[in-house]
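Have a look at the structure below, then the notes.
Here, each number is a calculation from the coordinates, and none is a lab measurement. Everything quoted here is computed from the prediction, not taken from an experiment. For neighbour counting, all protein chains shown are included, and Cβ atoms are generated from backbone atoms with ideal geometry for every residue, glycine included.
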There are 2 protein chains.
Amino acid sequence: MKIPSVKGTRDFYPSVMAVRNFIVDGWKAASNRSGFEEYDGPVFEHLTMYQVKSGQEIVEQLFHFTDRGGRELAIRPEITPTLARMVNQQINALARPIKWFSVPRLCRAERPQKGRLREFFQWNVDIIDVDDPRADAEVIFTALDYLQSTGLTAADIQARISSRRLLAALLQSIGIDGSKLEPLYALLDKKSKLPCEAFDEMLAKAVSDKDQAARIRSLMEVQSPDDIPQVIRMEEPAKAALEELKKLFLLLDLMGIGDFCRFDMGIVRGLAYYTGMVFEVHAVSGDLRAICGGGRFDNLLRDFGGPAIAATGMGMGDCVLEILLREKGLLSDTLPTRKLDYYICCLEEGLMSGAIALTATLRRLGFSADCVYKTAGLGKQLKLASAAHTAQSIIFGQEMTKENRLILKDMQSGDQRSILYNQFLSDLTS
Amino acid sequence: MKIPSVKGTRDFYPSVMAVRNFIVDGWKAASNRSGFEEYDGPVFEHLTMYQVKSGQEIVEQLFHFTDRGGRELAIRPEITPTLARMVNQQINALARPIKWFSVPRLCRAERPQKGRLREFFQWNVDIIDVDDPRADAEVIFTALDYLQSTGLTAADIQARISSRRLLAALLQSIGIDGSKLEPLYALLDKKSKLPCEAFDEMLAKAVSDKDQAARIRSLMEVQSPDDIPQVIRMEEPAKAALEELKKLFLLLDLMGIGDFCRFDMGIVRGLAYYTGMVFEVHAVSGDLRAICGGGRFDNLLRDFGGPAIAATGMGMGDCVLEILLREKGLLSDTLPTRKLDYYICCLEEGLMSGAIALTATLRRLGFSADCVYKTAGLGKQLKLASAAHTAQSIIFGQEMTKENRLILKDMQSGDQRSILYNQFLSDLTS
């Protein structure tokens, strides 16, 4: 019987796994550079975890099930609710501020398409209990520091930044009711993906007052924070939100990444829980989805039954990123799937025991080593050694039988020399 | 609202994550030493994947669900069926022999207890297309090489080894029908966990012939392969199976791990798909479950619709292992959750911009660096630096204001010196 894999999932053959490791290792290195600690949660949680604040899109995409104890569970579609749960559980024991990162495997029952799969990895970086744009800037910095480390430049990618707090204040100042903000965010977030007419129609449905709708349309088109007063009169609390956003841009300049960052009123984000700064990193050209996105979520811990503690963070998936790195020639097609210090070739069956014993000895000394399974022509064996990215081949041949000597071949230079077996061993351990 | 985690799952807070990383990094290093390539599959597969050959115990423990397309899916309880599927799919493209390892996250709906959780990590090592005890020996070697690298000795752990092929030949030679072998394996596998009377009773039910049952009981008690002929007359194919097993023990000696290994007729393994060598590693003392187990499964690829290709492998979970390492004092309670090259302390609010900029510069140069969020007493800031396992602290204080000098403090020795800001920067990049 032949069973296929599930649509929208990936099989990580060693060459594919090497790409995943290349990406994940880069994420971990960038997290470490910026001083984040790694955490993780379970791959499934109670279904209700995702019905609290994740937003309708995620709720519709849940893989959920009932266990034999009758519990309603779901495979995690994001890790932020888990983060909120975990921090709340240990809030008195954890040293704050909290700077945590994670690289969870996530699942969403989406229609598979370019850059979107049903199972993917997402780098998450979060700072908790820093109620200051410093933390927002640091989250954006960490994402961009990683992206720069791959070789991407400000000509390739841009961080588009806005503020939910500012947007909320402006919308409320023109008379939009607080209870209507959440569905409006979801609509405004989709604006760039919708044809103009479709957006206008949906906006008219959401906001029946024509003047309000017109002002929202104008607001969404401002190019700079300085243009906002021409559309909507700035009052508190919008003024304070704008000041905060300007402070964020100053910090990004200070961190040396100002040229990667720009204001974009159109960045709203789909998730329901954002309360302040929101951002997305996009490829400058092409039609790829966002490479990463995030924002401030000051109410989430409270929404999950904990104290009101400020929080900000971001997530970056592996799928869109991989497409972009390939497009830009920044991802090798032939990353090594393994690397050996030694490959042991054996030309005579009678020498195989010695070859096996030496291989084990090398491994136990901490070297990576492999040994051919069957004697064969030297050329064939050296080919196997090359395929395994071997530094040096060790040849058991007639020199061994006659003089107890190994041949050592440097696979880079091709140079080879013979050495007494015992000498080789004592050189290794000295 | 407060939502708990799901029973039997773990929250990997940074200190817990450090333990997981310590274990997983060790597994990966041992895999690399022995020349294995990393692979992975999706976290869920079609439910039927696990109904083919996994054995009743695993089928009963599946977390399964139906997606919106009506597909019956299950979270993976083991990765071997995925391995068989993946290898079959690419059988003509993959260079053989195949030496692959993986560290999958697995889920089983078991009753949580000591060493058994509903979600765990399992190191898997497999060799495909080597129809020789060499491969079996290499699998056992790789497991033991890792366990030795943690500090465990032959006084702590033992590999107990037997052969399903030998057992099958012996059982058939006393008249047990081939179709009855599979349920009998499941029973014999449980023998060591059952009281004698309970086992005898169950055996009597499974094997109605009293003489056969008596001979099986005697067989299960032999201490050495040499004792088998006293219980059951050795004929082909039992003789060949015994020779193969003896060859395996010779290879284990040759690899220098003979003192870790012994024959144990009681090792049968629960999974339905084993066909040859089977083994488990157990703690010598105490009542822990097996630390790892595996065996040869020459029919599995064929059972999954592929060609008949030999295969052998093993799995080692993280839960029992962690308990044992703690019991033996081989796992630190205070593994670092992060390490910093530099921690930037700032004593005056007016110097904070400079501190932020330097932190970003250090990170972009590849150093791990963090900066205090709020100015505070130096003692408090150095405490934060220590908690983050910092090598050197950089202090922005009055020396900066007056002379543009930083204070560099070595956190190990406590020594400190002042250095011109520009000198420090040019030292870093030179």
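The convex hull drawn around the Cα atoms of the protein assembly as shown, when projected onto a plane and averaged over every direction, covers 40.9 nm². The C-alpha atoms of chain A define a longest principal axis, and helix A:80-89 lies at about 90 degrees to it. The simple spin-label model puts a point 7 Å past each Cα toward its Cβ; for B:D415 and A:A155 those points are separated by 4.6 nm.
Remark: the A:D11-A:K239 segment gains 77.0 nm on full extension, using 0.36 nm per residue and subtracting the alpha carbon distance.
So if R0 is 51 Å, what FRET efficiency would B:Q90 and B:Q398 give, r being the distance between their Cβ atoms, rounded to the nearest 0.05? It would help to have the intermediate numbers written out before the result.
Values: r = 66 Å, r/R0 = 1.29.
Given R0 = 51 Å and the Cβ-Cβ separation, E is 0.20.
Ordering B:E45, A:E119 by the number of other Cβ atoms within 10 Å of each residue's own Cβ, fewest first, gives A:E119, B:E45. For the stretch A:1-72, a Kirkwood radius taken over Cα pairs fed into Stokes-Einstein (37 °C, viscosity 0.692 mPa s) yields D = 203 µm²/s. The charge dipole of the stretch B:14-327, taken about the Cα centre with unit charges on the Cβ atoms of Lys, Arg (+1) and Asp, Glu (-1), comes to about 520 debye, rounded to the nearest 20.
Shielding value for A:5-11 is 6, the average number of Cβ atoms from other chains within 10 Å of each residue's Cβ. Along the axis of the charge dipole computed for the stretch A:307-394 (Cβ charges of +1 for Lys and Arg, -1 for Asp and Glu, origin at the Cα centre), the listed residues A:P336, A:S353, A:T312 are led at the positive end by A:S353. The H on the amide N of A:C371, modeled in the peptide plane, is under 5 Å from the matching H of A:I344, each at least 5 residues off or on a different chain.
GNM on chain A, C-alpha springs below 10 Å: top fluctuator among A:G276, A:G379, A:G294? Of the options given, A:G379 has the highest mean-square fluctuation. Selection among B:A135, B:Y274, B:T429 by position relative to the dipole of chain B gives B:T429 as farthest towards the positive end (Cβ unit charges, Cα centre). Say we join alpha carbon atoms closer than 10 Å with springs in a Gaussian network model of chain B; which of B:R217, B:R417, B:R116 then has the biggest fluctuation? Sorting by GNM fluctuation, first place goes to B:R417. Taking Rh as the Kirkwood radius computed over C-alpha pairs, what is the Stokes-Einstein D of chain B at 10 °C in a medium of viscosity 1.306 mPa s, expressed in µm² per second? Reported coefficient: 63 µm²/s. Residue-wise HN-Hα couplings along the stretch B:229-236, as the Karplus relation 6.51 cos²θ - 1.76 cosθ + 1.60 with θ = phi - 60° gives them from phi, are x, 5, 9, 9, 5, 7, 10, 5 Hz; Gly and Pro carry x.
When the Cα positions of B:M265, A:P229, B:P112 are compared along the charge dipole of the protein assembly as shown, B:P112 comes out farthest toward the positive end, with charges on each C-beta of Lys, Arg, Asp and Glu.
This ranking places A:C345, A:C196 by how few other beta-carbon atoms lie within 10 Å of each, fewest first, which gives A:C196, A:C345. Only Cα sites of the stretch B:243-301 enter the Debye sum here, all with the same form factor; the resulting log10 I(q)/I(0) across q = 0.19, 0.24, 0.25 1/Å is -0.81, -1.14, -1.18, listed in q order. Only bridges with both residues in the protein assembly as shown count here: give the DSSP antiparallel percent, nearest 5. Counting DSSP beta bridges with both partners in the protein assembly as shown, the antiparallel share is about 75 percent.
Cα to Cα, under 29 Å, and not fewer than 8 places away if on the same chain: which lysines meet these conditions relative to A:K210? Partners found: A:K180, A:K190, A:K191, A:K193, A:K239. In this label model, A:A308 and B:R262 are separated by 6.6 nm, measuring between points 7 Å along each Cα→Cβ vector. Annotation: the stretch B:235-375 has a Kirkwood hydrodynamic radius of 20.6 angstrom, from the mean reciprocal C-alpha pair distance. Considering only beta bridges that DSSP places wholly inside the stretch B:340-429, some 50 percent are antiparallel. Across the stretch A:143-148, rounded Karplus estimates of 3J(HN,Hα) from the backbone phi angles (6.51 cos²θ - 1.76 cosθ + 1.60, θ = phi - 60°) give 4, 6, 4, 4, 4, 5 Hz, Gly and Pro being marked x.
Between A:T334 and A:D25, the modelled labels are 1.8 nm apart [label points 7 Å from Cα along Cα→Cβ].
Please work out, to two decimal places, the log10 of the ratio I(q)/I(0) at q = 0.17, 0.23 Å⁻¹ from a Debye calculation in which every Cα of the stretch B:340-429 carries one identical scatterer. Log10 of I(q)/I(0), two decimals: -0.62, -1.24.
Pairs of alpha carbons in the stretch A:73-193 separated by more than 18 Å make up 70% of all such pairs. The phi-based Karplus calculation (6.51 cos²θ - 1.76 cosθ + 1.60; θ = phi - 60°) puts the 3J(HN,Hα) values of the stretch A:379-394 at x, 5, 5, 5, 5, 4, 4, 5, 4, 8, 6, 8, 6, 9, 9, 10 Hz, whole numbers, x for Gly and Pro. So what does the Cα-only Debye profile of the stretch B:311-377 read at q = 0.24, 0.26 Å⁻¹, as log10 I(q)/I(0), no solvent term? Relative scattering, expressed as log10 I(q)/I(0), comes to -1.01, -1.10.
The ranking of A:L62, A:L47, B:L252 by Cβ neighbour count inside 10 Å, starting from the fewest, reads A:L47, A:L62, B:L252. Annotation: amide H-H contacts under 5 Å for B:F263 (H modelled 1.01 Å from N, sequence separation of 5 or more, or interchain): B:I161.
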